[in-house]
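Take a look at the structure below.
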Amino acid sequence: MGKNLVIVESPAKAHTIEKYLGSDFQVLASVGHIRKDTKVDKNTFDVTYEIDPGHKSIIADLRKAAKTADKIWLATDEDREGEAISWHLCQVLKLPEDTARITFHEITKSALEEAIQHPRHVDMNMVASQQARQTLDMLVGFDLSGIVRKKVPGAISAGRVQSPALRLIVEREQSIEKFASKFSYKVKGDFGFDAKLDHDFTDEAELQDFLKQLIDAEYRIQSVDKSPSSRKPAPPFTTASMQIEANSKLGYATRTTMSAAQSLYQAGLITYHRTDSLNLSKQALAAMASYIEDTYGKPYLKVRNFHTKSATAQEAHEAIRPTDIRRESAGKTEYERKLYQLIRSRTLATQMADAKVENTNVKITTPTPYIFEGKGEVVTFDGFLKVYGRIKESELPPLKVGETITPHLITARQTYSKAPARYTEGSLVKKLEELGIGRPSTYASIMTAIQSRGYVVKGESDGEERKVTEYQLTNRQITKTTVSEKYGANKGKLLPTPIGELIAGFLVDNFKSIVDYKFTANIEKDLDLIADAKLDRVKMLRDFYGPFNNSVLAAEGIERYNNARLLGHDPETGKAIYAKVGKNGGFIQLGDNEKESGEKPRFAPLPKRKSVKTVTLEQALKQLSLPQLPRSLGTAKDGAEIIAAAGPFGPYLKGGKYNIPLGKEFDPYTITLEEAEPLYEKKRDSYIADWGEIQIIEGAYGPYVKGPGRRNFVRIPKDVDPKTVTKTQAEEYLANKPKKTRRPSKRSTRKNSKKK
C-alpha cells in the first residue's frame, strides 16, 4: 500500500499523530505558516504573500513527500488560523482543491480515525475571515504605528487589539489616582467565634461612647437561623477561563499557560486548547461518569451538559479537558503537570454532585441599637469539592435563643476604603472576554505585546506602611493603640508606564474608534460573519479602512504629543519645572527647551511610583537636588575612574573600558564607591585574557572566546583550562565555531505556530 502524507503544524504534534496512525502514514510539520503577508493593496485589499525564507527547506521536504504520496491529508488546527495554513499549503504545494482536510479536537487514535473517515475540503469562508483579520492588523499596525512613532515620544507601535487593552489599564490607573480613600471604624467581637457589628463608625467620639456602653453590657442571643444551601461546580475550561484560573491559582502568565497547554495538546494529553466552547462530548461524559462512580461512589455523580452562551463561539467544538480522565498526572515539566492537574480536577468537578452546606446565622443584642452578627458554614456533603475548590468552614458552638454570652474581646479598627483593584493578566483577560475584544488565541499575545513594548510593567511593591488606630475592650478596660498595616501592594499587577499613558491618551484623542471597546468587539463579530459567509471580506475592510485612513491623515497635522505638565517654578532660579515623557519614560525638566531659552535645561528622573500626572513640585525639587549623571564616584584600586551613568538600557557603571549594568538593588544617583568597587572588580576578574579585539571571558554559562563584531563568540570546551588558551588557539576556536542551522525566524515561528 502506498504512503499517506499527513501535514500538521508542529513537529511535536506530528510525532504524536504518527504514533497513532501507523506505518501507512507519514506525518510532516509545516512549522506554522509557510508564507507571510508582505503588503496589502489599499484599494482592492489583495494581499501579496511570500514564502518565509526560513521555511524553504521545510517546503522542499513537503514537496518531495507530496510527489510520492498516494493521498494527502491537511490536518492543521481546527480554527481559522489552521484553516488558512491549509490553504497556503494547497497554494504552495500546488495541491488540488479537493485535497482532504481533516480536523479533530483531540489527538487520540479514535479521534484521528473518525476524522479520516469524514474528510472535507478547505473552508474558504474561514480562510477569508482569517485574511480579513490579518489584513486589518497589517493596515492598523503599519499606519497607526507610523503615526504614533512620529507623534508620541518613546512609542514603538500600536495595534488593533492591544490598544483597547492598554486603554483599560490606563483608565483603571486613572480611577485609582482619583480615588479618595475614606476610613471608618469596624467593630468585631470574639465570642468564641467572630461576630461583626452591623454598624460602622465614622466619628471617633461616637465610637468611644459606644465602647463605654459595652463595659458592663449583657449580651443575649437574639436568634439562631440555620439554612441549608448548595454550591455548584464551575463549567469546564475555555481558553479564557483557563488563563484566568491558572493566573489566579498557579500564578502563571497567560503566555506560560498557553505554552504549557500547547505542549499538553500536542502530546495528546488534553483537547484543543484554543476554544470558547463549553461542550463536552458524549464519550467524555460517559468516561467521567464511570470514573467518578468507581472512584468516589454513585452519590458523587451528577452528569451535566454545558452550553456555550456566546453566539460567536466557533473556534472549536469542545471545552478543554483531558483526553483520558483516568490519567491522574501528565506533562514533561512542572508547569505542564500543574496545569494538567488544574484542567483535570476542573473537568471532573463539572460531572460531580453539588456540595451541601449548612449555614448558621446568629444575632447578638447589645444595650445599644446595634447588634453583632456571627456566621457559620459547615459542609455536610463535599460533592465536587472532593476534587476542586474548597469552603473555609466556620462551625459555631451550640447556641440557644435568649441565653447570655460573654465576649473575650471587642476590637474596633480604623479601616480605609480600597481603591479599584489593578488588573492582573488574569483579570484583564476576563475583562477583554466580557467586552468581546480579541479571541481565545490572542489574549497571550496581547499581554506580551503591551509589556514587551514598555507600555505596561508588572508591579513589584509589597505595599507601604501606614498607622491605624485600634481600640480594644477586654476585662472592662478600653485601650487605644496604634498599629501598622501595609497598603497599596501592586506586586504582579499591571501598571501603565508614562509612555503607555501617553499613547493611550493620544489614541483616545485622535483614534477613538481604535480604542473604543464596542467598536473593537463589533470587528470580531464581523470576522465571525465572514466565516459564516454572511459578510463580504472586501466590504468589511473597505467600511473600516476609509474612516480609519481619514483619521491617520488628520493626525499627520497635529503637533508632537507630550502632555507636558508645568509643576511650578524653581524658588532659586525662577525657571519653570515640568514633568514630561521622553523615549525612555517620564522625567523632570528644569528650564525651557534649549531652542526657546538658549540654555540647556537640567533633567532628573521621576520619583519611584510617581507618574507625570501625580508628581508634585516638592517631589520634583527633591529629584532635581540629586547629583547629575554621569557622576564620578572616585578611583578604583587599579587607578580606573568609576562613573555612574544612565543609558537607553538602564543605569550602569563605567570603569575603565568596562560597562557594568546596575541591578535593581542599586541607584546610580546614590551608589557609593564602596558599593561600586566590588561590581567593577567582579567584571574585571571575569576577563581571563584580553588581546584587544579578542578576549576570553568567564560568563554565566562558562568561559568563552569573544571576537570582533556582534554575536561573535564561541564556548571553550569543558576539558580545556581557559587560562591556558593562547591568542592563536582563541582565533582557531572562532574560525572553527559551529555554524548555526538556519531555522524559521523567531518572529515567524512564534507568530504562526502559536497563533496571533
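The values are calculated or read from the model by the stated rules, or taken from the named source; none is laboratory data. Everything quoted here is computed from the prediction, not taken from an experiment. Methodologically, a virtual Cβ is constructed for each residue, glycine included, from the backbone with ideal geometry; neighbour enumeration extends over all protein chains shown.
Can you name every one of the helices (runs of 4 or more DSSP H) wholly within region 163-279 that holds 2 or more residues which are under 30 Å from Glu358 (Cα atoms)?
239-245
Take the residues of region 99-119 that are more than 35 Å from the chain's Cα centre (by Cα) and not in a helix (DSSP H, G or I): which is surrounded by the fewest Cβ atoms within 10 Å (Cβ to Cβ)?
His118
Would you mind telling me which numbered condition in (1) at pLDDT 95 or above; (2) assigned by TED's automatic domain parsing to the domain that holds Gly374 Arg172 fails?
With (1) at pLDDT 95 or above; (2) assigned by TED's automatic domain parsing to the domain that holds Gly374 applied to Arg172, the lone miss is (2).
Residues that are on the phi > 0 side of the Ramachandran plot and either within 43 Å of the chain's Cα centre (by Cα) or among the charged types (D, E, K, R) (or both): does region 261-272 have at least one? Steps first, answer last, please.
Here is the first cut: in region 261-272, the ones on the phi > 0 side of the Ramachandran plot are 268.
In the following step, the residues that additionally are either within 43 Å of the chain's Cα centre (by Cα) or among the charged types (D, E, K, R) (or both) were identified as 268.
Yes: one or more hits.
So which residues in region 227-283 are crowded, with 17+ Cβ neighbours inside 10 Å, of a type in the set (Gly, Ala, Ser) and closer than 30 Å to Glu377 by Cα, if there are any at all?
Ser241, Ala246
When both residues are 6+ apart or on different chains and their Cβ atoms are under 7 Å apart, which pairs have a first residue that lies in region 73-99 and is over 14 Å from Asn125 (Cα atoms), and a second that is buried (at least 23 other Cβ atoms within 10 Å of the Cβ) and acidic (Asp, Glu)?
Once the first residue is over 14 Å from Asn125 (Cα atoms) and sits in region 73-99, its partners that are buried (at least 23 other Cβ atoms within 10 Å of the Cβ) and acidic (Asp, Glu) give Thr76/Glu9; Asp77/Glu9.
Here is a list of conditions, (1) among the polar types (S, T, N, Q); (2) in a strand (DSSP E or B); (3) within 26 Å of Leu527 (Cβ to Cβ), and Gln91 meets all of them except one; can you say which number that is?
(2)
Which of the residues spanning region 697-708 are under 11 Å from Glu731 (Cα atoms), part of a strand (DSSP E or B) and touching a residue at least 24 places away in the same chain (Cβ under 8 Å)?
Pass one, region 697-708, residues under 11 Å from Glu731 (Cα atoms): 705-708.
Restricting the remaining residues to those that are part of a strand (DSSP E or B) gives 705-706.
Residue satisfying the conditions is Val705 alone.
If I go through region 284-303 residue by residue, how many of them are more than 22 Å from Lys356 (Cα to Cα) and either within 34 Å of the chain's Cα centre (by Cα) or surrounded by 18 or more Cβ atoms within 10 Å (Cβ to Cβ) (or both)? Step through it out loud before you land on a result.
Initial filter on region 284-303 (more than 22 Å from Lys356 (Cα to Cα)): 284-287, 290.
Then keep just the ones that are either within 34 Å of the chain's Cα centre (by Cα) or surrounded by 18 or more Cβ atoms within 10 Å (Cβ to Cβ) (or both); that gives 284-285, 287.
Residues meeting the conditions: 3.
When the residues of region 353-387 are filtered to those that are in a loop (DSSP other than H, G, I, E, B) and within 37 Å of the chain's Cα centre (by Cα), which remaining residue is nearest to Arg304 (Cα to Cα)? Break it down stepwise before answering.
Of all residues in region 353-387, those in a loop (DSSP other than H, G, I, E, B) come to 353-354, 366-370, 382, 387.
Then drop every residue that is not within 37 Å of the chain's Cα centre (by Cα), which leaves 353-354, 382, 387.
Working: Ala353: 10, Asp354: 11, Asp382: 18, Val387: 16 Å.
Taking the candidates together, the pick is Ala353.
Do we find that Pro53 is surrounded by fewer than 21 Cβ atoms within 10 Å (Cβ to Cβ), in contact with a strand residue (DSSP E or B) (Cβ under 9 Å, 6 or more places away or on another chain), in contact (Cβ under 8 Å) with a residue 12 or more places away in the chain and of a type outside the set (Val, Ile, Thr) in this structure? Talk me through it step by step, then tell me what you get.
Values: surrounded by fewer than 21 Cβ atoms within 10 Å (Cβ to Cβ): yes; in contact with a strand residue (DSSP E or B) (Cβ under 9 Å, 6 or more places away or on another chain): no; in contact (Cβ under 8 Å) with a residue 12 or more places away in the chain: yes; of a type outside the set (Val, Ile, Thr): yes.
No.
Does any residue in region 431-450 that is on the phi > 0 side of the Ramachandran plot come within less than 9 Å, Cβ to Cβ, of a residue that is surrounded by 21 or more Cβ atoms within 10 Å (Cβ to Cβ) and β-branched (Val, Ile, Thr) six or more places away or on a different chain, and which pairs are these?
Gly436/Thr520; Gly438/Val161; Gly438/Val429; Gly438/Ile446; Gly438/Thr520
Where residues in region 244-294 are charged (D, E, K, R) and in contact with an Asp or Glu (Cβ under 8 Å, 6 or more places away or on another chain), which of them is modelled with the lowest pLDDT?
First, the residues of region 244-294 that are charged (D, E, K, R): 245, 249, 255, 274, 276, 282, 293-294.
Narrowing further to those that are in contact with an Asp or Glu (Cβ under 8 Å, 6 or more places away or on another chain): 274, 276.
Numbers: Arg274: 91, Asp276: 88.
Checked region 244-294; the qualifying residue modelled with the lowest pLDDT is Asp276.
Among the residues of region 467-515, write down those that are surrounded by fewer than 13 Cβ atoms within 10 Å (Cβ to Cβ) and in contact with a strand residue (DSSP E or B) (Cβ under 7 Å, 6 or more places away or on another chain).
Scanning region 467-515 gives Lys467, Thr479, Lys480, Thr481, Thr482, Val483, Ser484, Lys486, Lys491.
Residues are listed down the side, and each one gets a yes or a no for (1) out of contact with any Ser or Thr (no Cβ under 7 Å at 6 or more places or on another chain); (2) assigned to a strand (DSSP E or B); (3) surrounded by 12 or more Cβ atoms within 10 Å (Cβ to Cβ):
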{"residue": "Leu629", "(1), (2), (3)": "yes, no, yes"}
{"residue": "Ile643", "(1), (2), (3)": "no, yes, yes"}
{"residue": "Ala646", "(1), (2), (3)": "yes, yes, yes"}
{"residue": "Lys654", "(1), (2), (3)": "yes, yes, yes"}
{"residue": "Asn659", "(1), (2), (3)": "yes, yes, yes"}
{"residue": "Gly663", "(1), (2), (3)": "yes, no, no"}
{"residue": "Phe666", "(1), (2), (3)": "yes, no, yes"}
{"residue": "Ile671", "(1), (2), (3)": "yes, no, yes"}
{"residue": "Glu674", "(1), (2), (3)": "yes, no, no"}
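Is it the case that some residue within region 111-121 is within 25 Å of Arg537 (Cα to Cα), without any contact (Cβ under 8 Å) to a residue 60 or more places away in the chain and not β-branched (Val, Ile, Thr)? Can you show your working first?
Of the residues in region 111-121, the ones within 25 Å of Arg537 (Cα to Cα) are 120-121.
The next check asks that each one be without any contact (Cβ under 8 Å) to a residue 60 or more places away in the chain; those that pass are 120-121.
Checking the rest, the ones that are also not β-branched (Val, Ile, Thr) come to 120-121.
Yes, region 111-121 contains at least one residue that is within 25 Å of Arg537 (Cα to Cα), without any contact (Cβ under 8 Å) to a residue 60 or more places away in the chain and not β-branched (Val, Ile, Thr).
Which ones in region 602-634 are free of Cβ contacts under 8 Å to residues at least 24 places away in the same chain and over 33 Å from the mean Cα position of the chain (by Cα)?
If the condition is that a residue be free of Cβ contacts under 8 Å to residues at least 24 places away in the same chain and over 33 Å from the mean Cα position of the chain (by Cα), then Phe603, Glu618, Lys622, Ser625, Ser632 are the ones that fit.
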